[in-house]
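This report concerns only the one structure given below.
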Amino acid sequence: MKSIKFNPDVCVNCETIDCLMKCQYVSFKDVAEAREEKLKINDKKDSRVLEECLTCYACQEYCPVNNNPFYLLVERQEEKGILPAPRPIIEEQLRMMAPKGRITKQKVSGPVVDMCAFPMLTGCVRGKLFEGASTIVGTDIFCNIMWLHFAKNSTIRERVPEMIDNIMSFYLKDADTDELICFHDECFGTYTSVADAYGIAVPFKPVHQFDYYNQRLDILKDSIKPINAKIVYQRPCSNRLCPQTDKVLDEIFEKIGAERVVRKYDRQNALCCGGVPRAHQRDELADELVEKNINDMLSVGATYCVFNCPFCMATLGQEVAEKGLMPILVSDLVQIALGE
Amino acid sequence: MTTDLINRLGKIVGPRFVSGEAEERYLYSMDPGTMPAAAPDAVVMPANTKEVQQIVALANELNVPIVPMGAGLVLSGLTRALKGGIIIDMKRMNHIIEVNPQSRYAVVEGGTSQGMLKAYLKKHHPQLKHSMPDAPPIATMAGNVCIHGSGHLSVLGGSHSDMLTGMEVVLPSGEIIRTGSCSVSGEWFARSPLPDLSGLFVGWAGTTGIVTKLGIKLFPNYKHNDVLIFVAEDADLMPEIISRLTNTQVAEDMTPWMSPKPAWAKGFLHINIAYGAHTKKELTFKRNLLQASVREYIDQKIAGFLPLPPPQKGRFLEIPSPDLARFADLRKGGGFEYVGAMMAIEHFPEAYRAGLAIAEKFNVSYSLGARIIGAGHCMMFFFAYAFNRADAEDVKRASDALDATNTAALKIGGIPWKAEQPAQKQIIGKMDPGTFSLMNRIRATLDPNGIMNPGNWEI
């Protein structure tokens, strides 16, 4: 088993311990305390952070030198048997999302859009934005990054190579492209950040949905009808693994005439949608996060609440709709601007 | 005699509503369960109490058995004409006579279906609801009350017979009587404070009279509804978990389920907990109470609530639940039966293990579960077996499994619910002799000619 790519000396010499000091869910009185806890984690000692962590991935982004603090934390949780959620909950989900061996060879041609394990989302791939696209979907190509929320790095190590192999063997090997458009940025995070940190080889080229939309909008620029609306954006945990794409999203919004209104809980301060804390049986914390987040959204007077992650939308969509904001995925917002 | 019977029934209800034809006799000879067919000589559909009375008088005159029937969905063959005679199909008597929103009860005719009352309340009294069983919506109110049915408000209000407020019944002699408050005041608000004569007709498998009207309790229909699914891995914890959850007095319905399909659920014990509230704040408060009641198990990481985003909750909030119907179709061929046994909550682990052992022994497709009745006062534990009716071996396997389950349920201390004829005999075998003797004397008094659904509750 390859260990997580990580350099302990970097943390010893780190002046800011941003990974913990910037955390929105675990508090430290000063940098010294944060450093003490971080070094405990690194040294495989008990740390309260292992128990209190919300598993929001944000420390991956906060670390200024990409030293994989979150992946290491999950590794330590699993080593110590610290379960963020009750055992039956984790076990049932492991079974639900397990590869079913139902995959069959399918002729695909570019652009090939990876819908992860969620067939209900394939309807999003339509119109000019996805012209000529093939979709692939199912638990046999599930990215498996969700196990970071459940102290299951071992499952990631076990299943991700199999998924990659399935994608290649059943779809891309005989396709006219080696690019895989990741509709969910958890997939992109898996095949870039996770794969790199865990030493998993990826034989295809993952393309983030935002990069794909951005390029398509350049091609389709004559079809764009600016929506001229204010939007708030719910940045998901998985985007912490590919923060460079947030700038691409800004370009997309600019091209379609959507004003991403500045609010407190966006960018690096993005708040968890509440879904994972509920899985961790921390509903009251989830309620608090949802209330703070939606109140913040409402305070800036937007029309749309734009989601990148379908799970965030499933978790928050109804709540934001009841408060008068229209929940919508980035792809659907772009399609509105394309007159579809 | 049959031609004479048909003609005379036709004079009572009109020729369109009586039949002695082979097709009808076949269709009415069975239900979807495993009990062998037993065809009636005639099927009749009365339109009102007077017609029921006349049919009963005719049956007495000709000494012909009569079998009252709602939707025929009891699954345990209670509406088969074991000794021939007339099946009285009550479906035409489907009027909703009264809804009292202030005292929260409805008065309906004996053939009114669950779906009709639900639809009526939704349209005319959206602030009210009644407790629906997880049967197809055509199941009748009266039929379900008479078998001590239960439904999606049973934690709140007990079994459906507990929700009964009174009845109008045509006795086997043809007399019409009323039970409950309506026998004195004309209003159908309660069975108390009178001698509770409704008990003469509930649980008797149609052997003591024909229910032509009944009053049923209604409950507030909440604006906000939610469901939690608690998952555990140790059956021995279930009685205490159920006790703690019901101790909050928050849930409207609690239905444990254990099934090998879907595969992710195999080996785990789930409890669906439905609850509602008038405001979101109240809903959250209730959720917190439920979660706090089992926090100890959550903190030990041995049980917890399944994370369900709002869009995934819809199917669990459907009333009636579609899941049992899906299971019923598992083997295709339209066969489905279950032993529901009423028993004390503490027998949950034994019942669960007995169900698993029987399913393995007889190699049958199974689904085990329960509905909690009252605030943890008892439960209806069900052992459901799907089978293919067109496959005789499959039917035999399911039938043998059901028989073994009845035996196991009685051994555990439970009592088979809406018991089919062989199970009735098993129950009688364990029953206090004085009780059975009194049952026989009551029947002999009410039905001296022995015309009411003969073959049931007999040795």
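The values are calculated or read from the model by the stated rules, or taken from the named source; none is laboratory data. Predicted model only: the values in this text are computed from it and were never measured. Don't worry about glycine lacking a Cβ; one is built from the backbone with ideal geometry, like all the others, and counts go over all protein chains shown.
So, B:SER173, is that one more than 14 Å from every other protein chain (Cβ to nearest Cβ), assigned to a helix (DSSP H, G or I) and among the polar types (S, T, N, Q) or not? Here the answer is no, as B:SER173 does not meet what is asked.
Within the stretch B:354-406, the set of residues being in a strand (DSSP E or B) and of a type in the set (Ser, Thr, Tyr) comprises B:SER365, B:TYR366, B:SER367, B:TYR385. If the condition is being among the hydrophobic types (A, V, I, L, M, F, W, C) and surrounded by fewer than 24 Cβ atoms within 10 Å (Cβ to Cβ), then the stretch A:59-71 contributes A:CYS63, A:VAL65. Taken together, B:ALA357, B:ALA341, B:ALA392 contain a single residue that is of a type outside the set (Asp, Glu) and surrounded by 20 or more Cβ atoms within 10 Å (Cβ to Cβ), which is B:ALA341. Evaluate the following for A:GLU259: is it free of Cβ contacts under 8 Å to residues at least 12 places away in the same chain and not assigned by TED's automatic domain parsing to the domain that holds A:GLY189? The answer is no for A:GLU259.
Of all helices (runs of 4 or more DSSP H) completely enclosed by the stretch A:46-120, which ones contain at least 1 residues that are of a type outside the set (Val, Ile, Thr) and within 14 Å of chain B (Cβ to nearest Cβ)? Result: A:48-52, A:69-80, A:87-96.
Listed by position, the helices (runs of 4 or more DSSP H) contained in the stretch A:249-323 that have at least 3 residues being buried (at least 19 other Cβ atoms within 10 Å of the Cβ) and away from chain B (no Cβ under 12 Å) are A:283-299. Comparison of B:THR212, B:THR207 shows that the only residue that is of a type in the set (Val, Ile, Thr) and either without any contact (Cβ under 8 Å) to a residue 40 or more places away in the chain or in a loop (DSSP other than H, G, I, E, B) (or both) is B:THR207.
Residues checked against (1) of a type in the set (Ser, Thr, Tyr); (2) part of a helix (DSSP H, G or I); (3) in contact (Cβ under 8 Å) with a residue 40 or more places away in the chain; (4) out of contact with any Pro (no Cβ under 6 Å at 6 or more places or on another chain):
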{"residue": "A:ILE156", "(1), (2), (3), (4)": "no, yes, yes, yes"}
{"residue": "A:ASP165", "(1), (2), (3), (4)": "no, yes, no, yes"}
{"residue": "A:MET168", "(1), (2), (3), (4)": "no, yes, no, no"}
{"residue": "A:LEU180", "(1), (2), (3), (4)": "no, no, yes, no"}
{"residue": "A:GLY189", "(1), (2), (3), (4)": "no, yes, yes, yes"}
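The condition (being hydroxyl-bearing (Ser, Thr, Tyr), touching an Asp or Glu at 6+ places or on another chain (Cβ under 9 Å) and surrounded by fewer than 24 Cβ atoms within 10 Å (Cβ to Cβ)) is satisfied by just one residue among B:SER103, B:SER76: B:SER103.
Candidates B:LYS83, B:LYS50: the one that is farther than 29 Å from B:GLY215 by Cα, outside the structural domain of B:TYR385 (by TED's automatic domain parsing) and surrounded by fewer than 20 Cβ atoms within 10 Å (Cβ to Cβ) is B:LYS83. For B:ALA119, the conditions (1) in contact (Cβ under 8 Å) with a residue 12 or more places away in the chain; (2) among the hydrophobic types (A, V, I, L, M, F, W, C); (3) within 28 Å of B:GLY186 (Cβ to Cβ) all hold with the exception of (1). Residues that are polar (S, T, N, Q) and closer than 23 Å to B:LYS418 by Cα occur in the stretch B:26-41; there is at least one.
Scanning the stretch B:73-103 for residues that are within 18 Å of B:GLU24 (Cβ to Cβ) and assigned to a strand (DSSP E or B), we see that the one that is nearest to the chain's Cα centre (by Cα) is B:ASP89.
Among the residues of the stretch A:174-199, those identified as of a type in the set (Phe, Trp, Tyr) and surrounded by 24 or more Cβ atoms within 10 Å (Cβ to Cβ) are A:PHE183, A:PHE188, A:TYR191.
So that you can scan it fast, the table gives a plain yes or no per residue for (1) within 23 Å of the chain's Cα centre (by Cα); (2) under 26 Å from B:ASP162 (Cβ atoms); (3) in the same structural domain as B:VAL56 (by TED's automatic domain parsing):
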{"position": "B:ALA370", "(1), (2), (3)": "yes, yes, no"}
{"position": "B:ARG389", "(1), (2), (3)": "yes, no, no"}
{"position": "B:GLN426", "(1), (2), (3)": "yes, yes, no"}
{"position": "B:GLY450", "(1), (2), (3)": "no, no, no"}
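Taken over the stretch B:259-285, the criterion of being within 12 Å of another protein chain (Cβ to nearest Cβ), among the aromatic types (Phe, Trp, Tyr) and buried (at least 18 other Cβ atoms within 10 Å of the Cβ) is satisfied by B:PHE268 alone. Within the stretch A:27-48, not a single residue is among the aliphatic types (A, V, I, L, M), within 23 Å of the chain's Cα centre (by Cα) and outside the structural domain of A:CYS273 (by TED's automatic domain parsing). For the stretch A:139-154, the candidate set comprises residues that are out of contact with any Lys or Arg (no Cβ under 7 Å at 6 or more places or on another chain) and in a loop (DSSP other than H, G, I, E, B); within that set, the residue that is nearest to A:THR245 (Cα to Cα) is A:CYS143. Counting only residues that are in contact with a strand residue (DSSP E or B) (Cβ under 8 Å, 6 or more places away or on another chain) and away from every other protein chain (no Cβ under 12 Å), the stretch B:287-312 holds 0 of them. Residues considered: B:LEU228, B:LEU245, B:LEU237. Of these, the only one that is more than 14 Å from chain A (Cβ to nearest Cβ), outside any loop (DSSP other than H, G, I, E, B), among the aliphatic types (A, V, I, L, M) and more than 23 Å from B:MET141 (Cβ to Cβ) is B:LEU245. The sole residue among A:GLU51, A:GLU15, A:GLU91, A:GLU79 that is acidic (Asp, Glu) and buried (at least 16 other Cβ atoms within 10 Å of the Cβ) is A:GLU91. Among the residues of the stretch B:26-42, not one is in a strand (DSSP E or B) and within 23 Å of the chain's Cα centre (by Cα). Of note, B:LEU164 does not satisfy the criterion of being crowded, with 19+ Cβ neighbours inside 10 Å, over 29 Å from B:ALA59 (Cβ atoms) and not aromatic (Phe, Trp, Tyr).
Within the bounds of the stretch A:48-61, is there any residue that is free of Cβ contacts under 8 Å to residues at least 40 places away in the same chain and β-branched (Val, Ile, Thr)? The answer is yes; a qualifying residue exists. From the list B:SER131, B:SER198, B:SER181, B:SER192, the lone residue that is polar (S, T, N, Q) and more than 16 Å from B:ARG104 (Cβ to Cβ) is B:SER198. Applying the condition of being under 30 Å from A:ILE82 (Cβ atoms) and of a type in the set (A, V, I, L, M) to the stretch A:250-296 and asking which residue is farthest from the chain's Cα centre (by Cα) yields A:LEU285.
Only one of the numbered conditions (1) on the phi < 0 side of the Ramachandran plot; (2) in contact (Cβ under 8 Å) with a residue 40 or more places away in the chain; (3) assigned to a loop (DSSP other than H, G, I, E, B) is violated by B:PRO193, and that is (2).
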